Amino acid sequence: MSQDRRAPIRNPFLEPGASVPSAPPRRADADPEDRLAEFRLGPAFGGRPAQPRRPQGFGGRTAPGEGTTTAPRPDGAAAAKPADMAAEPVGTAAEPAADPKTARPAESAEAADVPAPAPAPLPTVRVLAVCTGNICRSAYVQHTLQAQLTGLLGERGTAVVTSAGTGPNQALAVPEPLRELSPSRRVRAALTEHRPQQLTAASLRGQDLVITAADDHLEEVLREDPGAVRRTFTVRGIGTLLGEHGEEIAAAVPPGAGLAALVDAMADLRVRLIGRGEEPDADLPDPFRGPAEGYAQMVETARPIVELLAWEIARALDGDLVEDDEPTRA
């Protein structure tokens with residue numbers, strides 16, 4: 001190809017008389033537009049500064065940092081970074097990423113405040129106390145045991161303790177000496193409002209445990225309901241089974257086994273004692289129309305037995321209901 005000897009085209013943007021700059025060396029990577037401009041303008045074309053192409057974001061959006069050029073500063077200092085780019089601290093190593101397999105998720109405040117589920121309600125306890133007139137022995141056992149079980153079970157369960165007499169007089173009330181020996185004001189109020197009831201087959205129906213003041217009352221209960229033989233005991237008989245043989249009962253009835261398991265264990269133990277010639281069931285003396293000392297003796301005998309029975313019932317329902325220090329065993 002012959003060399004072009006025509007005079008270069010004068011740049012119309014230069015003032016008249018201005019010297020035409022010498023043409024810079026042609027770059028090998030100049031694109032066709034630069035070549036055409038250089039051909040038309042000659043040495044006046046200085047070329048476009050090379051600028052690397054940057055990838056664009058999805059959908060034609062500008063990628064982060066795109067559109068901002070960093071011009072060299074005349075004093076040679078490094079260009080400032082964009083304001084939205086945080087400076088990394090010097091001399092501090094980056095924390096290693098947490099392993100998702102071993103990392104434990106932080107507990108949220110809401111999860112920490114979630115209350116524990118409430119314990120399941122306990123079955124209703126039904127106990128019947130029986131004596132002759134239903135104004136002394138059985139009345140005292142009824143209201144004392146009711147107060148004990150109510151305090152132990154709390155909101156977890158309900159105890160329904162009732163009483164009846166084999167020959168009650170509906171016109172009589174609980175004697176004043178017995179009311180004065182009440183263990184609490186609640187029991188005293190209950191004894192004051194107490195009215196005697198007649199023992200019937202209906203009153204025995206559905207009872208988990210039947211407590212009699214004497215062996216004669218036990219026989220009367222069995223005449224009304226022969227099927228109640230394994231769940232009917234005298235007050236002092238219960239004291240013998242739970243007090244003198246408490247370890248055997250505890251071994252046979254683990255905490256939470258239920259009231260039926262406790263009653264069955266007591267019935268089995270009574271059979272073994274009778275087989276050895278012992279008589280666990282004994283009478284609780286009747287203080288009615290006697291001196292004040294008779295009422296005090298009756299209360300002194302019955303009260304610890306009632307407290308121990310209430311403790312054993314609560315333990316059989318749920319061991320968490322009772323404290324570690326159990327009542328004194330006779």
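No value in this document is a laboratory result; all are computed from the given coordinates. Bear in mind the structure is a predicted one, so any value in this text is a computation, not a measurement. Methodologically, a virtual Cβ is constructed for each residue, glycine included, from the backbone with ideal geometry; neighbour enumeration extends over all protein chains shown.
For the range 125-321, the relative contact order is 25 percent, taking Cα pairs closer than 8 Å that sit 6 or more residues apart in sequence and dividing their mean separation by the residue count.
By other beta-carbon atoms within 10 Å, ranking E279, E224 with the fewest at the front produces E279, E224. Positive contributions from Lys and Arg (+1) and negative ones from Asp and Glu (-1), summed over other residues with Cβ under 12 Å from the Cβ of L204, come out at 0. Highest-first packing order for the peptide set 228-237, 253-262 is 228-237, 253-262, based on the mean count of other beta carbon atoms within 10 Å. The gain in end-to-end length when the V271 to E180 segment is fully stretched comes to 29.0 nm, 0.36 nm per residue minus the alpha carbon separation. On full extension, the segment bounded by A116 and D216 gains 31.0 nm, given 0.36 nm per residue less the C-alpha separation.
Computed from backbone phi with θ = phi - 60° and the Karplus coefficients 6.51, -1.76 and 1.60, the 3J(HN,Hα) list for the range 178-191 is 6, 5, 5, 8, 4, x, 7, 5, 5, 5, 4, 5, 5, 5 Hz; x is used for glycine and proline.
Shown for Y295, Y140: other C-beta atoms within 10 Å of each C-beta, ranked fewest to most, produce the order Y295, Y140. With each label modelled as a point 7 angstrom along the Cα→C-beta vector, the A296-Q170 pair spans 3.7 nm. Database remark: amide H of T212 closer than 5 angstrom to the amide H of V130, F233, T234, V235 (H placed geometrically; neighbours at sequence offset of 5 or more, or on other chains; Pro and chain starts carry no H).
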